[in-house]
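Have a look at the structure below, then the notes.
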Amino acid sequence: MDVLSDVISVMRTGRPRSARVEWRAPWGQRFPAAPGSAGFQVVLRGSGWLLPPDGPPIALSTGDVLFFPHGHGYAIADSPSTPVADPRCDPYTDEAGLFATATNEGPGAATVLLCGGYRLDPSRAHPLLRELPELIHLPAGPGLHAEVRAAVELLGAEMHRPGLGADTIVSSLLDMLLLYILRTWFVAEHGNCEVTGWSAALADPAVSAALDAMHRDPARPWTVAELGARAGLSRAAFARRFGALVGQPPLAYLTWWRLSSAGRLLRESDAPLSEIAAQVGYASEFAFANAFKREYGLAPGRYRRTACRPPAEAALAP
């Protein structure tokens, strides 16, 4: 897998949630902060205004996509002057499901929104996601964001009239939309002359080649010299460039990534610990368990038991 796909697959917990909501003016809806989540809004039909907690209102039209990587609160309304109501659509809860719907009885023009949410593991926040701004706004327009627009059209159609296999299709399309949003943003950032951090790391051919190698084969016993060779640099030059852009030495990042991947495998599979250890680059279950406990504060077995239970039960897990 490539770096961006890996980051999303490891960070997300559970399945994405979504709802198709039709509002008739006048309407105003508040979406409270949801720490440990990421959410998006897509204007399928009509228009509205984003009302951020800070800053001026932002006009929205059909096809606009909003992404909130850090779960910050906001409101959307038909007009900046319309009072906003408490939430009726919460895509972050298990009750929301994939096909939740809502509507109101206003007399005015209709606006249809697709809202979605992802639960993330805040304890394993990848620096790539931490660097994203509070809001990514992809406005609609001829020739703009063709892949995002295609995913939105497919999602809107499937949410409006779910057919056979819709559960899997919608879940996959939500993942596709998220990746297209992030890809579009990173491509735009790469054109910024002052790009820094992970945007710069992904744009740098040497560092991105090393990251790709680590993500595609985390079990390999990589050395800095070997990664430097993949990057086309000497060991010392590669280590300096990687540390400057990624924020930590190459092997420190590799260890962090291996253990983040192990956490996902423990949550999502019943593979034995010895198998997981081998998949993420540990020669023995004992070495893996020690490294995992240092990173997570829990032994792998206990982490698996708590991660697979509801929060109230997890707190009481032995």
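The values are calculated or read from the model by the stated rules, or taken from the named source; none is laboratory data. In this text the structure is predicted, and so the values were computed from the model without any measurement. Every residue, glycine as well, gets a Cβ built from its backbone with ideal geometry; the counts of neighbours run over all protein chains shown. Please note that ligands, DNA and RNA were not included when accessible areas were found on the heavy atoms of the full protein model with its side chains. Shrake-Rupley method; radii C 1.70, N 1.55, O 1.52, S 1.80 Å.
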Identify, by number, the condition in (1) more than 22 Å from the chain's Cα centre (by Cα); (2) within 19 Å of Ile136 (Cα to Cα); (3) in a strand (DSSP E or B) that Ser18 doesn't meet.
(1)
Top-ranked residue of the stretch 21-39 - restricted to ones that are outside any loop (DSSP other than H, G, I, E, B) and open to solvent by 70 Å² or more (accessible area, probe 1.4 Å), ranked as farthest from Pro53 (Cα to Cα):
Arg24
Can you pull out the residues in the stretch 123-150 that are exposed (fewer than 14 other Cβ atoms within 10 Å of the Cβ) and modelled with pLDDT under 85?
Ser123, Arg130, Gly141, Pro142, Gly143, Leu144
Quick check on Gly63: is it open to solvent by 20 Å² or more (accessible area, probe 1.4 Å), in contact (Cβ under 8 Å) with a residue 40 or more places away in the chain and at positive phi?
yes
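Scan the stretch 53-111 for residues that are among the charged types (D, E, K, R) and at pLDDT below 90 and jot them down.
Within the stretch 53-111, Asp54, Asp86, Arg88, Asp90, Asp94, Glu95, Glu105 qualify.
Residues that are open to solvent by 40 Å² or more (accessible area, probe 1.4 Å) and more than 15 Å from Val3 (Cα to Cα), at least 1 per element: which helices (runs of 4 or more DSSP H) completely within the stretch 151-260 meet that? Break it down stepwise before answering.
Numbers: elements: 166-190, 197-203, 205-216, 224-231, 235-246.
Correct list: 166-190, 224-231, 235-246.
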Okay, strands (runs of 3 or more DSSP E) sitting entirely in the stretch 44-86 with 3 or more residues that are farther than 11 Å from Thr111 by Cβ and out of contact with any Pro (no Cβ under 6 Å at 6 or more places or on another chain), I get 65-68
